[in-house]
Structures are given as C-alpha cells and as structure tokens.
Amino acid sequence: MKYFSLNNKEHHSNFENAVIRGLAPDKGLYFPERIVKLPDGFFKELSEYDKVEIAFEAIKEFVGKEIPDADLLDIIKETLDFDFPVVPVKANTGSLELFHGPTLAFKDVGARFMAGSLGYFIQKGSLGKVTVLVATSGDTGGAVANGFLGLDGIDVVILYPKGKVSEIQEKQLTTLGKNITALEVDGVFDDCQRMVKQAFLDSDITEKRKLTSANSINVARWLPQIFYYFLAYRQLMEREMKLAFSVPSGNFGNICAGLLAKEMGLPIDHFIAANNANDTVTNYIQTENYQPKPSIATISNAMDVGDPSNFVRILELFENEYSSVKNVLSAYSFNDEMTKKAIKDVHSEIGYTMDPHGAVGYLGLQKFLEKNPEYYGVFLETAHPVKFLDTVEEATGEKVQIPVVIKGLMDKKKKSLQISNYEDLKGFLLS
Ligand SMILES: *Cc1c(COP(=O)(O)O)cnc(C)c1O
C-alpha cells in the first residue's frame, strides 16, 4: 500500500518507510492512498473467523506485500494475545474493555503492532540499529517499553516528567531494563516533547543514530486500532439495532481508526467523540470552526490535548466536508466533577467500576442515547481503573482490586537517569 503526506499529496511513501519515518519529510501525517471496502459477506460471516483472522483481513491491504502474510499473522498473534470483551452495563449500553493487555491501557495494541512491524523491517537487514525516542505523559511510555522489550536492533529511550506520572505508570517505564532506558526529566510533559522534537532535528545526533518515534501519528500505531471495532462488532452483530460507539478522545487516533473501519464497510452507524474540558473538537462540531487551544489538566489526563494531531486524518476521511463529518460524528465535553459523579453513580447503581477516561466515554454515550433511543451504544473503557487509583477510590469510596501483574511490578526496583536539559539528552544519545 502507498501512503501520501497530508501536507502534500504528491509526496508518496510505502508502508515500510512510513513506519520508519513516522512523519513525512514535510512534517505531514501519512494517510493511505486507498481505503478498500471489505465484502459484505465477510461482515455477515464474522462470527466464523477467529480474532487473528479478522485482524489479518482488516489490515492486510494497508501493509500490502511488504510484510509477508505469515510474518504479518505472527505479528497480529502476538499483538492480540489478550481479550477485548464487550461487558453489558445497562440494557442499551456495553463497555468495550481495552485494558486487558500487559500495561492495562489500550495503547498496548498499537505499541505491539508497531514493534512487530519495525522489528520485521530491522531483521530483514536494510536498516541497521534504530533508536525509538518517545516522550510520555503516562500510558504511551509503558506500552512502548513493554512492546519493544528485548527486540534486537532497537534501543528505546523514554522521556517522562519527574513526579508527573502515577506510581504504577513510573514502574511500568523504569523497571524493565534490557534495551529500554528511562530518562526522568526535571520538567513537565511539554519539556519532554520539545526535547524529543529538537533531537530529531539535530544532525549531530541523526548522523550517529537512526531515530524514530512511536507516538500515535505513526501508521503502525494508528492502523491496528481498527481491530477493536471489528472485534467488538463480532460480539454485537446479533442485535438488530443501530450501533453507536463512544470513544474517549485526546489525540483522536483511536476514534479515527473507528471511522476508518466504518469506511471499510464495518456496520457501525454513529460515533461519539467524548472529551474532557479540552473541547476543541466539541466546539468544531458545534460551530464548524476549528480553534486549537493550550491543553488543560484534568483527571482524564491522557486526553489533555488542545490540538489533536489526528484531527487532520478525520477531515481527510470525510474529504473536508463538514456536513459529512457531522452526520457520522457527535462530540460532547464533560468536566471533572461530572466525570467523578459518573464513576460514583455507575459504581453504586450498577456495580461497574470505570476509570476517568471510560467515564467520559460513558457520559458521551448517555447524552447521545437520550436523543437517539433506537441505538445500542458501546463506550470504550481505555484504561484499567487501577491506573487512576486515587481518583477512582475517592469517587467510589471503595478499594480497587489490584491485578496480579501490578502487584509484581510494585516490588521491582526503579531505574532511571535524571536529566535536566537538552544538552543532557544530547550527551546521552551521543555517548
Ligand atoms: C491515549 C489515551 C486516550 C486517548 O486516545 P487518543 O487515540 O489519543 O484519542 C484515552 N484514554 C486513555 C486511557 C489513553 O491512554
């Protein structure tokens, strides 16, 4: 499959180059040249396929022959070796739980698929050693560290803001060792992000090391998120109701993958972008005016984004037609008080525990269903409640059960290097 840059449609790339580069040379996001519709028969017979076969059919056109089928199947098997259940919460509402992977948040799928793809291109031998350099505000770092752990030919360097990630998130980043190095930055997430960007532009570094990024702009992290929607639909297809999916959104990679799945023919009727106080897209849907803003800190911090990077991909999917976007996509915003109340109410009335991100998704869905009762709705539960322990326990007044994987993690010893400025990062990368 060929990709083009959203800044210049004349700039083309194959899948391999798009995965290795992340962004096009003109800083545009890569977008597939064609979106191939899958046959109706495939969707009708979905229940006869297992999850690996479904994922393979969904993604194979986007990869093309650049990864042979057998290798692609192996990558998918490793990516999807946990469950993606739709758990009934109310008569018209289900929760698609995406937190059963190794780091307990949905980014495991994208990180593992990207690690598998990059690993394949490296062992094929044309690339040499690669350094994955990534800044994290919490969940990305753990998922990337876990996904890339022990891969030959790849070093992973993660920058995270000192004292700004939760204890569990920090342990997930700093206890793995091997080819993973955690740099603890004396600063905030934006400082980490800025230093990473500067390193990509620094020829002293790029002459010595081949750098790549692992955030959601990379097609190998973005595209495999279509799997969630196919796997959820397989569990819902018996219902003869229209389907709506509510996606708690930050950089809008996940929901954009859902919209792509719909474009491929998956019978989902409507999407809801559920936002916290960072309401740039909510305002766009209401006014047609896209006005980026600085981000605001909230309790659903993985969604604290004021200028979502994948929004341009959504516009491209709808050929920049506002009316087409609006037909398929609703958007609502909720503040922290509303989010905490939803966690509390659903816990006490139904006995289901949501994390703050899932709770925003739940609220978005309920708001849509009030006006559209003919739908069955699913919200995406993107993180395990234990990752946001303090907020959830305060809201429910009950202890969250700690999963076994986390108990083992908390006993491990943190290992990080402290850095305070760009020169420290450069010194490390050149050493
Ligand atoms: C990253 C993340 C999100 C936001 O996903 P986007 O694809 O950036 O919109 C939502 N919830 C959790 C828990 C996350 O880690």
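Worth pointing out:
- Carbon + sulfur, % of accessible area of the stretch 20-97 - ligands and nucleic acids excluded, 1.4 Å: 52
- With the highest mean first, a sort of the peptides 135-147, 7-19, 237-249 on other beta-carbon atoms found within 10 angstrom per residue produces 135-147, 237-249, 7-19.
- Measure of compaction for the stretch 1-147 (Cα Rg per 2.2 N^0.38 Å): 1.17
- Within the accessible area of the stretch 257-382, the carbon and sulfur atoms contribute 47%, probe 1.4 Å, all protein chains present.
- Couplings 3J(HN,Hα) for the stretch 315-330, derived from phi with the Karplus relation 6.51 cos²θ - 1.76 cosθ + 1.60 (θ = phi - 60°), are 4, 5, 4, 9, 6, 6, 9, 4, 5, 5, 4, 5, 5, 9, 10, 9 Hz, where x marks Gly and Pro.
- Whole-Å distance, taken between Cα centres, linking the stretch 149-182 and the stretch 41-56: 35
- Hydrodynamic radius of the stretch 165-232 per Kirkwood, over alpha carbon pairs, in Å: 14.9
- Per residue, in Å², the accessible surface of the stretch 1-125 once ligands and nucleic acids are set aside, probe 1.4 Å: 43
- Averaged per residue, the stretch 190-234 has 38 square angstrom of accessible surface, using a 1.4 angstrom probe with ligands and nucleic acids left out.
- Rounded FRET efficiency, nearest 0.05, which uses the C-beta distance separating S420 from E33 and R0 of 35 Å: 0.20
- Per residue, the accessible area of the stretch 263-315 comes to 37 Å², computed with a 1.4 Å probe over protein heavy atoms only.
- In this structure, N8 and L73 have a Cβ-Cβ separation that, at R0 = 25 Å, corresponds to a calculated FRET efficiency of about 0.15.
- Sorting V392, V405 on solvent-accessible area from highest to lowest, probe radius 1.4 Å, gives V405, V392.
- Sorting the segments 148-161, 105-118, 199-212 by their residues' average number of neighbouring beta-carbon atoms within 10 angstrom, most packed first, yields 105-118, 148-161, 199-212.
- Whole-percent pair-distance distribution, where bins are 5 Å wide, for the alpha carbons of the stretch 90-140: 4, 15, 18, 19, 14, 12, 7, 4, 3, 2, 1
- Using the average count of surrounding beta-carbon atoms within 10 Å as a protection proxy, the listed peptides 37-44, 341-348 rank, highest first, as 341-348, 37-44.
- One decimal place: the segment R21-K129 gains 37.5 nm when fully extended, by the rule 0.36 nm per residue minus the C-alpha distance.
- Neighbour net charge for S300 - beta-carbon separation under 9 angstrom, K R +1, D E -1: -3
- Residue-span extension gain [E337 to E349] - 0.36 nm each, minus C-alpha spacing: 2.5 nm
- Across the stretch 151-159, coupling constants 3J(HN,Hα) worked out from phi with the 6.51/-1.76/1.60 Karplus curve, θ = phi - 60°, read 6, 5, x, 10, 9, 10, 10, 10, 9 Hz, and Gly and Pro carry x.
- Contact order relative to length of the stretch 49-146, as percent, for alpha carbon pairs under 8 angstrom and 6 or more apart: 23
- Reciprocal of mean inverse Cα separation for the stretch 117-245 (Kirkwood radius, Å): 16.4
- For the chain, the share of alpha carbon pairs falling in successive 10 Å distance bins from zero is 4, 22, 33, 28, 11, 1, 0 percent.
- In this structure, E319 and K407 have a Cβ-Cβ separation that, at R0 = 41 Å, corresponds to a calculated FRET efficiency of about 0.25.
- Considering only the chain, percent of DSSP beta bridges that pair antiparallel, nearest 5: 25
- Pairs over the 28 Å Cα-Cα cut-off, from the set K60/K107; K197/K340; K27/K414: K197/K340; K27/K414.
- Theoretical ellipticity at 222 nm over the chain - DSSP helices of four or more residues, -39500 (n - 2.57) apiece, nearest 500: -12500 deg cm²/dmol
- For the stretch 323-341 versus the stretch 113-137, the gap between their alpha-carbon centres in whole angstrom: 35
- Candidate aspartates and glutamates for bridging to K178, where Cα separation is under 15 Å - those fewer than 8 sequence places away on the same chain excluded: D152, D155
- Cβ-defined net charge surrounding I154, 14 Å radius [Lys, Arg +1; Asp, Glu -1]: +4
- Here the spin labels are modelled as points 7 Å beyond Cα on the Cα-Cβ line, and at K90 and D204 they lie 5.8 nm apart.
The values are calculated or read from the model by the stated rules, or taken from the named source; none is laboratory data. No experiment lies behind these values; they were computed from the predicted model shown. Neighbour counts run over all protein chains shown; Cβ positions are idealised from the backbone, glycine included. Protein only, heavy atoms only, side chains kept; ligands, DNA and RNA dropped before computing areas. Shrake-Rupley method; radii C 1.70, N 1.55, O 1.52, S 1.80 Å.
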